[in-house]
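Every read-out reported here was derived from the displayed coordinates using simple, explicitly stated rules and does not represent laboratory data. Everything quoted here is computed from the prediction, not taken from an experiment. Note that we place each Cβ from the backbone using ideal geometry, even for glycine, and neighbour counts take in every protein chain shown.
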Amino acid sequence: MSSHHIVREKQEPALLIMNLDGFDSEYLGQLLEWSPTVIVTESVYEQADSMGIKVDGIITNNGQFYAQEHTRLIPFEADVLEDALKFLVAEAYPAVNIIDSKFLLKDYALFVDLINLVIYNPGKKIFPVKTGFSKWVVAGEKVEMMHDINHLEVQGLRQLKPYRFETEKDGFYSLAFHQPFIFIAEEL
């Protein structure tokens, strides 16, 4: 019997690569490990192709873009990231990992309830959480709030500076706040 796992389509999060600048290739390998659907921007395509990544889709407004065989051209109208996320939602993907060099709340806020989002910036894993979120971590882990938060209450965290916290000891930390969701970041 083969040791290869059979992965059903859309069972693993899609991988949307907006920008690879400064992104650790070890983490990229981990994200590619289960053969997700890979979608890249036109500007990232050549780099991904040269790394041997099988690209399933390219977000482009160039209908004549030349790509690998069986690579789907996904048109965008105004905003590459927004149109890529709209495409993934329309195609019923339950989750997406996004590699980008920046994070802006406005880019993701409308999609929090439509698709599970994890955004990887160089050195950070960013994701939305709802009030009451808790997680077990080891002492000394850094947690960053990615935007202003109304009435933030933390347990198990010590504030280092505005928006930055550290876990006090091995165990759970928890967050409570008066918003539908917030984005937090953990160090990779």
- Cα-projected label distance for residue 10 with residue 54, points at 7 Å along beta-carbon direction, nm: 1.9
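If you place +1 on the Cβ of every Lys and Arg and -1 on the Cβ of every Asp and Glu, how big does the dipole about the Cα centre of segment 1-117 come out, in debye to the nearest 20? Each step should come with its number before you reach the end.
On the way: 7 positive and 19 negative charges, 53 e Å.
Rounded to the nearest 20 debye, it is 260 debye.
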- Query: Quick one: if you stick a label point 7 Å off each Cα along the C-beta vector at residue 133 and residue 168, how many nm between them?
  - Reply: 2.0
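Using 1/(1 + (r/R0)^6) with R0 = 30 angstrom and r between the beta carbons of residue 148 and residue 114, what's the FRET efficiency to the nearest 0.05? Write out the running numbers ahead of the final one.
Values: r = 23 Å, r/R0 = 0.77.
For R0 = 30 Å, the calculated efficiency reads 0.85.
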- Computed P(r) (all Cα pairs; the chain; 10 Å bins; percent): 8, 33, 33, 19, 7, 0
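Please work out the FRET efficiency for the pair residue 30 and residue 66, using the Cβ-Cβ distance as r and a Förster radius of 35 Å; give the result to the nearest 0.05.
Numbers: r = 30 Å, r/R0 = 0.85.
Rounded to the nearest 0.05, the efficiency is 0.75.
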- Message: Distance between the C-alpha centers of segment 157-188 and segment 31-82? Whole Å please.
- Response: 34
- Message: Between residue 43 and residue 92, what's the calculated FRET efficiency when r is the beta-carbon distance and R0 is 35 Å? Round to 0.05.
- Response: 0.85
